[in-house]
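Trainee: Before we start, here is the structure in question, set down as structure tokens.
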Amino acid sequence: MIRRTTAAAPGTRVRAEAPWSARAALLLVLSCVLGRGAAGADLELRYYGATWCAPCHRVEPMVDRWADKHPDLRLVKLDYDAHKADRERFEFVGVPMLVLLDGDKVIAKYGQDAQRVGDFASDQLEWWYASARGKIATPPK
């Protein structure tokens, strides 16, 4: 909505205000851009891959498509070679590897027993995620 205003007197400050709905829309857009819902997504899914890993190039788009269906997750892609501390912390055996974190707490890892690219299919990841969600403590009601 456009409003006509009169010019302010020289030397005075004018305060522009957006309507409440515009401010609410801005907050909604910012929360979507930052990847967090109104309640805040505490679950982080870390995907570790490597440029030299042929299976990683096939698995990464599969993980992307699956993660797009889960807005409660924040997907973070990391390079296996560049994160030695994570390799030691999570006791990686190889790549590709997924680590589900609730804050700083490791909930589950996936990939250490994967034998083929098909082990990262959507139904396999869905089963893993559902079983991992069962390990998260829910606050008492």
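Read the figures in this text as sums done on the coordinates, not as results from a lab. What you see is a predicted model; the values in this text were computed from it and never measured. FYI the Cβ positions are ideal-geometry reconstructions off the backbone, even for glycines, and counts take in every protein chain you see.
Trainee: Whole-Hz Karplus ³J(HN,Hα) for region 89-98, in order, using 6.51 cos²θ - 1.76 cosθ + 1.60 and θ = phi - 60°, x for Gly and Pro?
Mentor: Per-residue couplings from phi come out as 4, 8, 6, 5, 9, x, 10, x, 9, 10 Hz.
Trainee: Which net charge results when you count Lys and Arg as +1 and Asp and Glu as -1 among the other residues whose beta-carbon is under 14 Å from that of H57?
Mentor: Value of the local net charge: -1.
Trainee: Assign one of three labels to region 84-141, namely rounded, prolate or oblate, based on the Cα gyration tensor with a ≥ b ≥ c the square roots of its eigenvalues; rounded applies when a/c is under 1.5, prolate when it is not and a/b is larger than b/c, and oblate otherwise.
Mentor: It is oblate, given that a/c is not under 1.5 and a/b is not larger than b/c.
Trainee: Now a separate question. Please report the net charge: other residues with Cβ closer than 12 Å to the Cβ of D119, K and R +1, D and E -1.
Mentor: With Lys, Arg at +1 and Asp, Glu at -1, the net is 0.
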